[in-house]
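The values are calculated or read from the model by the stated rules, or taken from the named source; none is laboratory data. In this text the structure is predicted, and so the values were computed from the model without any measurement. So basically every Cβ, Gly included, is an ideal-geometry build from the backbone, and we count neighbours across all protein chains shown.
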């Protein structure tokens, strides 16, 4: 599959750009493709956008990915989606997180306010992850987008940072 994807993408005109995106496991695969795809395509891959993506690499992988996409890897998450918090041990996130809390506030990165939801044992051999799996569905991310709360993926990656920061500044003033 990767070989045929690479072959197709190599037919893209050199003046066009490629945005790699995915949701959940598709987001994890998008990150892995961005990191390990055909070297001839790397100059064309402008950005990676993921929705509800789980962690996919260790610190070394994240560092390598950050060097390859210094301003063009965005993870869109929401407070009630448990999947971006998995797996817990040995994995890290890279890129810029565009994070929506339960009140609809948007943050560039997850705020450290002490309310980060951690898994806990139920006492019956199960581990409970706070959050709602319906908040992980593509339909929920589309609802955020339709309400105008979700940032559209821009053509130029730097615009997402500017837009995100301007939204935060506006909310702080307001």
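Filter region 43-72 for residues that are closer than 22 Å to residue 138 by Cβ and modelled with pLDDT of 85 or more and give the result. Hits for region 43-72 are 48, 49, 50, 51, 52, 53, 54, 55, 56. Scanning region 42-76 for residues that are loosely packed, with under 15 Cβ neighbours inside 10 Å and touching a strand residue (DSSP E or B) at 6+ places or on another chain (Cβ under 7 Å) yields a total of 2. State whether one or more residues within region 52-73 are assigned to a strand (DSSP E or B), without any contact (Cβ under 8 Å) to a residue 40 or more places away in the chain, farther than 17 Å from residue 36 by Cα and touching a helix residue (DSSP H, G or I) at 6+ places or on another chain (Cβ under 8 Å). No, there is no match, as no residue in region 52-73 is assigned to a strand (DSSP E or B), without any contact (Cβ under 8 Å) to a residue 40 or more places away in the chain, farther than 17 Å from residue 36 by Cα and touching a helix residue (DSSP H, G or I) at 6+ places or on another chain (Cβ under 8 Å).
Filter region 11-25 for residues that are loosely packed, with under 15 Cβ neighbours inside 10 Å and at pLDDT 85 or above; which is nearest to the chain's Cα centre (by Cα)? Applying the filter and picking the extreme gives 25. Against the definition (touching a strand residue (DSSP E or B) at 6+ places or on another chain (Cβ under 7 Å), in a loop (DSSP other than H, G, I, E, B) and on the phi < 0 side of the Ramachandran plot), how does residue 12 come out, yes or no? Judged against the criteria, residue 12 is a match.
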